[in-house]
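Peer 1: This structure is in structure tokens; I'll ask about it shortly.
The values are calculated or read from the model by the stated rules, or taken from the named source; none is laboratory data. Please read these numbers as outputs of a predicted model, since none were measured by experiment. Ideal geometry is used to build each Cβ from the backbone, glycine not excepted, and the neighbour counts take in all protein chains shown.
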Amino acid sequence: MSAASAARLMVSAIAAGQGILPVFIDLNRTHATNPLWPGHARFHLVQQVFTLLPAAGLELALLWWPGPGMGVRFYWAALLTATPLAGFLVATVARPLYGGALHDPNGIPPIRLHFGSREFVFDMNVPIVIVAASLLILAVILFWQDDSWLPHPRDALYLSQGWDRSTSGAAPVGDNSQFFSS
């Protein structure tokens, strides 16, 4: 498998995860139907879930739809996939400005780790988003370093002469009557 293919798979996994998982994680009693949440907060959560789901579909289409422009499509998909991750990280850092919290008493409980007499409490979303963002950066670096997705320089010559090298063996494309005399 080429590095470019591995990069496409990595971005696909992240995009699919952030599009599909919120449907199951957020549309339940701990989030969207949590009676302690104000109705307006629940509305925006459901809006977010149904924004992320089609966005993930678009990202996957950009990555896997056959045709030219794979390089540009990969970078667009990576940028679109990075947007919710960046939004989460900004919201996490900015919590003191708007009184936000990573968890609430009626929601999914945070992880509690004990080291000696100290207890550390943290929300699992933070490490998940950090790992996803790191993998996304790695995928972009892998794709950028691999030129297997680029068209071969001979392709321009083949296509200028009316031949398509992408099929098994060279085959004529379009109107090639100038190459065949009767």
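Peer 1: Given the conditions (1) outside any helix (DSSP H, G or I); (2) touching a residue at least 24 places away in the same chain (Cβ under 8 Å), report the number of the one that A78 does not fulfil.
Peer 2: (1)
Peer 1: Still on this structure, please answer the following. If you scan the stretch 81-108, which residues turn out to be outside any helix (DSSP H, G or I) and either modelled with pLDDT under 95 or in contact with a strand residue (DSSP E or B) (Cβ under 9 Å, 6 or more places away or on another chain) (or both)?
Peer 2: Correct list: G99, G100, A101, L102, H103, D104, P105, N106, G107, I108.
Peer 1: It is to be established whether one or more residues within the stretch 141-156 are modelled with pLDDT of 70 or more, of a type outside the set (G, A, S), within 30 Å of P38 (Cβ to Cβ) and surrounded by 12 or more Cβ atoms within 10 Å (Cβ to Cβ).
Peer 2: No: the stretch 141-156 contains no residue that is modelled with pLDDT of 70 or more, of a type outside the set (G, A, S), within 30 Å of P38 (Cβ to Cβ) and surrounded by 12 or more Cβ atoms within 10 Å (Cβ to Cβ).
Peer 1: Under the condition of being more than 25 Å from the chain's Cα centre (by Cα) and in a loop (DSSP other than H, G, I, E, B), which residue from the stretch 31-42 is surrounded by the fewest Cβ atoms within 10 Å (Cβ to Cβ)?
Peer 2: Among those residues, the one meeting the criterion is P35.
Peer 1: Note down all Cβ pairs under 9 Å where the first residue falls in the stretch 1-25 and is outside any helix (DSSP H, G or I), the second is among the acidic types (D, E), and they're at least six residues apart or on different chains.
Peer 2: S2/D146
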